[in-house]
Amino acid sequence: MSSISEKRISILISGRGSNMEAFLKAERRGVLSGQVVRVISNRPDAAGLATASDAGVATTVVDHTLYESRGAFDAALAEAVKQDNPDVVVLAGFMRILTPVFIDAFVGKLVNVHPSLLPNYPGLNTHQRAIDNSDREAGATVHYVTNEIDGGPPILQVSVPIESGDDSDSLAARILDFEHVIFPEAVNWHLQGRLVHEADGAYLDGKKLPPTGSLWEWQA
Ligand code: GAR
């Protein structure tokens, strides 16, 4: 059995990669329960690729535009990820809808961060939708991935206030800072064996998590 520090993390990105960078920073600080073994992007121009390379992490591009179907792309992506034999596959701003071809290969070790208080606002434009609905709070949720888009069991959720004068950019920036905290934390639970994805939900320390996931406590 591999020890915690030998646990292997593959990260998938599509763009900026600030969540991916949060994992790299946690690893450098010695507070990540595994090592980032590869960063894979579906876009050759993703800014996060340079961040990963600069940190000495292997990078791979699986360009979705070169495949004739979603299924063909997902099969190629699954092959690339399998090479790394990961203990967890982290979707860090990976902006392609994945089909069962990919998801079924990694279910149970596939984790995403979504910028809303799931189960509210699956899909896109989450920040604007929360503002348009005059919500008082927004947030982000780390969840296991299933074949239902943004519908897999939540693991860890953080709420942040929506302030008067917020636009979607200011709200997204406030939430993103907390994504960088809760995402490595939730993945650590998985790598430490405390968190498992069962058929009927996510379990932390043997207890089934509620439909929001565990609620992240603001530090005093
Ligand atoms: C993050 O806000 C993440 O929650 C969101 O994309 C952004 C990626 O930023 N993900 C989704 O909307 C997935 N449905 P990053 O590239 O800087 O990590």
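Please treat every number below as a calculation from the coordinates, not as lab data. Because the structure is predicted, anything quoted here is derived from the model rather than measured. Cβ atoms come from the backbone with ideal geometry, glycine included; neighbour counts cover every protein chain shown.
Could you list H197, H64 in order of exposure, starting from the residue whose Cβ has the fewest other Cβ atoms within 10 Å? The partial results should precede the final answer.
Values: H197 21, H64 17.
Least crowded to most crowded, the residues run H64, H197.
What is the diffusion coefficient of segment 54-104 in µm²/s, taking the Kirkwood radius over Cα pairs and the Stokes-Einstein relation at 4 °C with a viscosity of 1.567 mPa s? Each step should come with its number before you reach the end.
Numbers: Rh = 12.0 Å.
It comes out at roughly 108 µm²/s.
Given the C-alpha atoms of segment 57-142, compute the convex hull and give its volume per residue in Å³.
On the way: hull volume 10.6 nm³, N = 86.
Per residue, the Cα convex hull of segment 57-142 comes to 123 Å³.
What's log10 of I(q)/I(0) for segment 10-60 at q = 0.12, 0.17, 0.26, 0.28 Å⁻¹, Debye sum over Cα points only, no solvent?
The Cα Debye sum returns log10 ratios of -0.21, -0.41, -0.94, -1.07.
Under 14 Å from a point 7 Å along the Cα-to-Cβ line of R29: which residues of segment 160-177 have their amide N that close?
The answer is 177.
For all pairs of alpha-carbon atoms in segment 1-116, what percent lies in each bin of width 10 Å, listed from the first bin to the last filled one?
Each 10 Å bin holds this share of Cα pairs: 14, 49, 32, 5, 0.
Counting only Cα atoms, I'd like the Rg/Rh figure for segment 164-220, Kirkwood definition for Rh. Please report the intermediate quantities before stating the final value.
Details: Rg = 14.4 Å, Rh = 13.2 Å.
Dividing the radius of gyration by the Kirkwood radius yields 1.09.
Rounded to the nearest 500, what is the chain's calculated 222 nm mean residue ellipticity when only DSSP H runs of at least 4 contribute -39500 (n - 2.57) each, over all residues?
-10000 deg cm²/dmol
Which value, in debye to the nearest 20, describes the size of the charge dipole of segment 27-94 about its Cα centre when Lys and Arg Cβ atoms bear +1, Asp and Glu Cβ atoms bear -1, and nothing else is charged? Kindly include the intermediate steps, with their values, before the conclusion.
Details: 6 positive and 9 negative charges, 42 e Å.
Taking the Cα centre of segment 27-94 as origin, the dipole is about 200 debye.
Rank the residues M95, M20 as a footprinting-exposure proxy: fewest other Cβ atoms within 10 Å of their Cβ go first.
Working: M95 13, M20 29.
Ranked by crowding around the Cβ, least crowded first: M95, M20.
Counting only pairs 8 or more residues apart or on different chains, how many lysine pairs in the chain have their Cα atoms under 20 Å apart? Write out the running numbers ahead of the final one.
On the way: K7/K25; K7/K82; K7/K109; K82/K109; K109/K207; K109/K208.
Qualifying lysine pairs in the chain: 6.
Among K208, K7, rank each residue by its count of other Cβ atoms within 10 Å, from fewest to most, as a rough exposure measure. Please list the in-between numbers first.
Working: K208 11, K7 21.
Placing the least packed residue first, the sequence is K208, K7.
How big is the charge dipole of the chain about its Cα centre, in debye rounded to the nearest 20, if each Lys and Arg gets +1 on its Cβ and each Asp and Glu gets -1 on its Cβ? Walk me through the numbers before you get to the answer.
Values: 18 positive and 28 negative charges, 106 e Å.
Dipole of the chain, to the nearest 20 debye: 520 debye.
In the neighborhood of F94, defined by Cβ-to-Cβ distances under 14 Å, what is the net charge if each Lys or Arg adds +1 and each Asp or Glu adds -1?
Around F94, the surrounding residues sum to +1.
Tell me, Kirkwood radius of segment 45-198 from alpha-carbon pair distances, in Å? Walk me through the numbers on the way to the answer.
On the way: mean 1/r = 0.0598 Å⁻¹.
This gives a value of 16.7 Å.
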